[in-house]
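Structure record follows, encoded as structure tokens.
The values are calculated or read from the model by the stated rules, or taken from the named source; none is laboratory data. Remember, predicted model here, so these are calculated numbers, not experimental data. We place every Cβ from the backbone using ideal geometry, glycine too, and count neighbours over all the protein chains shown. Remember, those area values only see protein heavy atoms, side chains included, never the ligands or the DNA or RNA. Shrake-Rupley method; radii C 1.70, N 1.55, O 1.52, S 1.80 Å.
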Amino acid sequence: MKSLKSLWQRADRRLWVLSILIGFVVTWLVNIVPFINKVERFAVFYLLLYGAFAIWTGFTLQNRRRCWQAFVFPVSFLLAAHLFGPKYSLYFAPAYLAVAYLAWSMVRANRNK
């Protein structure tokens, strides 16, 4: 129990809340709202909004040695995409994880110079 408590104290709560909100709630809303068509969903949300959020996630985790918290957004997105979204949206979750990890590693590499 102490290890879970210490893990929760070290976790970035703002990142967790925003990742779950954007990953699950926004994905759910985007897929059930009838006035957002497929092109807008793909271009605006899947590419721009979620891609920018994945980059922000990587930048936010720059001071952490291990970036395991980068998994929160892709996992919540994957769950919402599986439950509510089209089948092609499942392939975006690994891409968001890769973008977050790339941003995290680039910031850490520039900081260590």
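Lys and Arg at +1, Asp and Glu at -1: add these up for the other residues within a Cβ distance under 14 Å of N31 and post the number.
Combined, the nearby Lys, Arg, Asp and Glu give +2.
Here are some values of Cα Rg over 2.2 N^0.38 Å: [x] 1.13; [y] 1.00; [z] 1.50. Which one was computed from this structure?
Identified label for the calculated read-out: [x].
Using the heavy atoms of the protein chains and a 1.4 angstrom probe, tell me the accessible area per residue for the stretch 2-110 in square angstrom.
That works out to 62 Å² per residue.
Using a 1.4 Å probe on the protein chains only, how many percent of the accessible area of the chain belongs to carbon and sulfur?
Answer for the chain: carbon and sulfur cover 70 percent of the accessible area.
What is the helix-to-structure angle for 50-60, meaning the angle in degrees between its Cα long axis and the longest Cα principal axis of the chain, kept from 0 to 90 and rounded to the nearest 10?
10
Heads up, I need the accessible area for F53: 1.4 angstrom probe, whole protein in place, Å², nearest 10.
That residue has around 20 Å² of solvent-accessible surface.
Given the options W28, W68, W56, state which has the largest fluctuation in a GNM of the chain using a 10 Å cut-off (strictly under) for Cα springs.
In the Gaussian network model the winner is W68.
With a 1.4 Å probe and all protein chains kept in place, how do V39, V75 rank by accessible area, largest first?
Reading off the accessible areas and sorting them downward yields V39, V75.
Taking the Cα centre of each part, how many Å lie between the stretch 85-103 and the stretch 13-50?
Taking the Cα centre of each part, the stretch 85-103 and the stretch 13-50 sit 12 Å apart.
Can you pull the accessible area of L83 for me, 1.4 Å probe, Å² to the nearest 10?
100
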